[in-house]
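Colleague: I have a structure here, written as structure tokens, and I will follow up with some questions on it.
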């Protein structure tokens, strides 16, 4: 019995030992499998991380076609080229814009939609909105959204709100070049100014089609500020200015007031917004006396020192009486006739020249025919018939018309040595090697320049307020009454055309003031005196004063100051 028990116990021990070992082996096997799986998973994740790191590194350094394609997809393909000033300042550019419209059939809650829209657009016309949502399947809420408005509309999540992407034209300089650049319509078509004249060119919109102008934004800004001040000082209804290189014809500034913000697309119908420099056609008065003196010199019928004796204070031609503007000496030299702006003296000179030669001279200056220029807003001088009285009145700028642009061109040709020029506002990328046409002799040009300097520098001259130290300004004044339906009024157009520096002429500056008034409260300051309490309303008391202020400010920009002038000037 004992033996059997021992054998039983032995078997039991061996059985128990076998089971424990088996369990340990099983656990070890399961552990190894888990460990292998974990290793595989870890290896998999490490591989993914490694691949991603390599990918990010590659993308950071890569210039592959794919990355280039992504960059190019964000580039704006302009429907219209930029317009730039001479220093590449942007004057006009196309940018992406969004419009918001309503698809009426998709509106679920009209009341809720209207409340949300009123919060975004406080000035929304509720009646118009309700009328449109009732009668139209599709209508615009606003055609040019701000980024903030677009975001707020998008966050509404309303499927009835439709966003339309479109390019619009922006003008960063706002009013500064309104009469020159002009406007476009909502379909990107030019309707005025350069936008219209160069419409086809601007629509090329390749990288080389930007339109670069001769205009300078800084100079334009200064001149505009002075014209706005003149509006306050002399209560003008409008004004204009033109600054041009007398050798190349490049226009550096062209300004006309009142102007308007090009970013606000409005219809301009009032004639007061006419471009006074290119479109305005006026009788400009005594500025024509310079042409009379030049014609006399060129035809060798006078010299600058030729004396005209016993000049009347007035004379009659047909039923009209011609008078002097002030009491003048009865004996004047040819240059004094210009310096003191004598009407009767100009008549005596033109009588020596004769009708045909005077006509021929004025025609050579091209002041009576429509000028070729890079704008469609161009005025045409009014036709007239020459005769005995017309010859006399034309000598001092009465009864004949032209545009300020053509007047400035004529002065430039007389003062630049006698060479013909073509005014332009487009920067040319080539050198014009064509030989310039000669209009008058160098001697006539030099003699006229000396006289124009004396108009400004001498006490008896009519343009003392433009005698700015260091800039050698020369010029001529013109005061003319405006004509309405063939009758003259008491309203005036006052003009001053200046050349500077006169010893080495570079620029012509023309100022025109429309219906200026006397400024008795204005303090006039010259190099030698201070004047106040004047009720004078001639060009010498307003247009000249404005020109002086402008030259004083733009002179340093143009680098024209010359403190070592030729003694002859």
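The values are calculated or read from the model by the stated rules, or taken from the named source; none is laboratory data. Owing to the predicted nature of the structure, the values given are computational and were not obtained by experimental measurement. A quick note on method: Cβ atoms are made from the backbone with ideal geometry, for glycine too, and the neighbour counts reach across all protein chains shown.
Colleague: Only residues that are out of contact with any strand residue (DSSP E or B) (no Cβ under 9 Å at 6 or more places or on another chain), at pLDDT 90 or above and either closer than 25 Å to residue 95 by Cβ or surrounded by 12 or more Cβ atoms within 10 Å (Cβ to Cβ) (or both): list them for segment 123-150, please.
Modeller: Within segment 123-150, 123, 130, 131, 148 qualify.
Colleague: Suppose we filter segment 159-200 for residues that are touching a helix residue (DSSP H, G or I) at 6+ places or on another chain (Cβ under 9 Å) and under 30 Å from residue 113 (Cβ atoms); how many remain?
Modeller: Number of matching residues: 5.
Colleague: Evaluate segment 389-400: report whether one residue or more is more than 29 Å from residue 505 (Cα to Cα) and in a loop (DSSP other than H, G, I, E, B). It would help to see each step written out before you state the result.
Modeller: Filtering segment 389-400 down to residues more than 29 Å from residue 505 (Cα to Cα) leaves 389-393, 399.
Next cut, in a loop (DSSP other than H, G, I, E, B) only: 399.
Yes.
Colleague: Of the conditions (1) touching a helix residue (DSSP H, G or I) at 6+ places or on another chain (Cβ under 8 Å); (2) surrounded by fewer than 23 Cβ atoms within 10 Å (Cβ to Cβ); (3) farther than 27 Å from residue 414 by Cα, residue 221 clears all except one; give me its number.
Modeller: Against the list (1) touching a helix residue (DSSP H, G or I) at 6+ places or on another chain (Cβ under 8 Å); (2) surrounded by fewer than 23 Cβ atoms within 10 Å (Cβ to Cβ); (3) farther than 27 Å from residue 414 by Cα, residue 221 comes up short only on (1).
Colleague: Related question: Can you spot a residue in segment 164-187 that is more than 30 Å from residue 377 (Cβ to Cβ) and either over 38 Å from the mean Cα position of the chain (by Cα) or not assigned by TED's automatic domain parsing to the domain that holds residue 425 (or both)? Show your work before the answer.
Modeller: The first filter runs over segment 164-187 and keeps only residues more than 30 Å from residue 377 (Cβ to Cβ), leaving 164-165.
If we keep only those that are either over 38 Å from the mean Cα position of the chain (by Cα) or not assigned by TED's automatic domain parsing to the domain that holds residue 425 (or both) too, we end up with 164-165.
Yes; the residues of segment 164-187 include at least one that is more than 30 Å from residue 377 (Cβ to Cβ) and either over 38 Å from the mean Cα position of the chain (by Cα) or not assigned by TED's automatic domain parsing to the domain that holds residue 425 (or both).
Colleague: With respect to residue 414, determine if the residue is touching a residue at least 24 places away in the same chain (Cβ under 8 Å) and either under 25 Å from residue 272 (Cβ atoms) or outside the structural domain of residue 278 (by TED's automatic domain parsing) (or both).
Modeller: Numbers: touching a residue at least 24 places away in the same chain (Cβ under 8 Å): yes; either under 25 Å from residue 272 (Cβ atoms) or outside the structural domain of residue 278 (by TED's automatic domain parsing) (or both): no.
Criteria not met by residue 414.
Colleague: Going by what's in this entry, would residue 385 be described as free of Cβ contacts under 8 Å to residues at least 60 places away in the same chain and either crowded, with 21+ Cβ neighbours inside 10 Å or outside any loop (DSSP other than H, G, I, E, B) (or both)?
Modeller: Values: free of Cβ contacts under 8 Å to residues at least 60 places away in the same chain: yes; either crowded, with 21+ Cβ neighbours inside 10 Å or outside any loop (DSSP other than H, G, I, E, B) (or both): no.
No; evaluated as a whole, the condition is false for this residue.
Colleague: So which residues in segment 314-330 are surrounded by 15 or more Cβ atoms within 10 Å (Cβ to Cβ) and more than 22 Å from residue 474 (Cα to Cα), if there are any at all? It would help to see each step written out before you state the result.
Modeller: Step one: list which residues in segment 314-330 are surrounded by 15 or more Cβ atoms within 10 Å (Cβ to Cβ), which gives 315, 317, 322, 324-325, 328.
Correct list: 315, 317, 322, 324.
Colleague: Going through 153, 119 one at a time, which residue ends up being surrounded by 13 or more Cβ atoms within 10 Å (Cβ to Cβ) and either in a helix (DSSP H, G or I) or touching a strand residue (DSSP E or B) at 6+ places or on another chain (Cβ under 9 Å) (or both)? Please lay out each step first, then the result.
Modeller: Values: 119 fails: surrounded by 13 or more Cβ atoms within 10 Å (Cβ to Cβ).
Selected residue: 153, the only one of 153, 119 that is surrounded by 13 or more Cβ atoms within 10 Å (Cβ to Cβ) and either in a helix (DSSP H, G or I) or touching a strand residue (DSSP E or B) at 6+ places or on another chain (Cβ under 9 Å) (or both).
Colleague: Let me ask another. Over 23 Å from residue 276 (Cβ atoms), out of contact with any strand residue (DSSP E or B) (no Cβ under 8 Å at 6 or more places or on another chain), modelled with pLDDT under 95 and assigned to a helix (DSSP H, G or I) - does that describe any residue in segment 190-203?
Modeller: Residues of segment 190-203 over 23 Å from residue 276 (Cβ atoms): 199-203.
Checking the rest, the ones that are also out of contact with any strand residue (DSSP E or B) (no Cβ under 8 Å at 6 or more places or on another chain) come to 200, 203.
Right, trim to modelled with pLDDT under 95 and you get 200, 203.
Next cut, assigned to a helix (DSSP H, G or I) only: 200.
Yes, because at least one residue in segment 190-203 is over 23 Å from residue 276 (Cβ atoms), out of contact with any strand residue (DSSP E or B) (no Cβ under 8 Å at 6 or more places or on another chain), modelled with pLDDT under 95 and assigned to a helix (DSSP H, G or I).
Quick grid of which residues meet (1) over 28 Å from residue 280 (Cα atoms); (2) crowded, with 16+ Cβ neighbours inside 10 Å; (3) in the same structural domain as residue 476 (by TED's automatic domain parsing); (4) in contact (Cβ under 8 Å) with a residue 60 or more places away in the chain:
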{"site": "292", "(1), (2), (3), (4)": "no, yes, yes, yes"}
{"site": "299", "(1), (2), (3), (4)": "yes, yes, yes, yes"}
{"site": "311", "(1), (2), (3), (4)": "yes, yes, yes, no"}
{"site": "332", "(1), (2), (3), (4)": "yes, yes, yes, no"}
{"site": "342", "(1), (2), (3), (4)": "no, yes, yes, no"}
{"site": "351", "(1), (2), (3), (4)": "yes, no, yes, no"}
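Results for (1) on the phi < 0 side of the Ramachandran plot; (2) in contact with a strand residue (DSSP E or B) (Cβ under 8 Å, 6 or more places away or on another chain); (3) not in a loop (DSSP other than H, G, I, E, B), shown as yes or no for each residue.
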{"residue": "229", "(1), (2), (3)": "yes, no, yes"}
{"residue": "247", "(1), (2), (3)": "yes, yes, no"}
{"residue": "251", "(1), (2), (3)": "yes, yes, yes"}
{"residue": "256", "(1), (2), (3)": "yes, yes, yes"}
{"residue": "268", "(1), (2), (3)": "yes, no, no"}
{"residue": "286", "(1), (2), (3)": "yes, yes, yes"}
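Colleague: Next up: Can you say whether residue 106 is touching a helix residue (DSSP H, G or I) at 6+ places or on another chain (Cβ under 8 Å) and surrounded by fewer than 17 Cβ atoms within 10 Å (Cβ to Cβ), as far as the supplied structure shows?
Modeller: Working: touching a helix residue (DSSP H, G or I) at 6+ places or on another chain (Cβ under 8 Å): no; surrounded by fewer than 17 Cβ atoms within 10 Å (Cβ to Cβ): yes.
Considered against the rule, which asks whether it is touching a helix residue (DSSP H, G or I) at 6+ places or on another chain (Cβ under 8 Å) and surrounded by fewer than 17 Cβ atoms within 10 Å (Cβ to Cβ), residue 106 comes out as no.
Colleague: Identify the single condition in (1) touching a strand residue (DSSP E or B) at 6+ places or on another chain (Cβ under 7 Å); (2) in the same structural domain as residue 413 (by TED's automatic domain parsing); (3) outside any strand (DSSP E or B) that residue 241 does not satisfy, given that it satisfies every other one.
Modeller: So the condition that residue 241 fails would be (3).
Colleague: Sticking with this one: Within segment 93-114, can one find any residue that is assigned to a loop (DSSP other than H, G, I, E, B) and within 37 Å of the chain's Cα centre (by Cα)?
Modeller: Going residue by residue through segment 93-114, those that are assigned to a loop (DSSP other than H, G, I, E, B) are 107-109.
Next, only the ones that are within 37 Å of the chain's Cα centre (by Cα) stay: none.
No, that holds for no residue.
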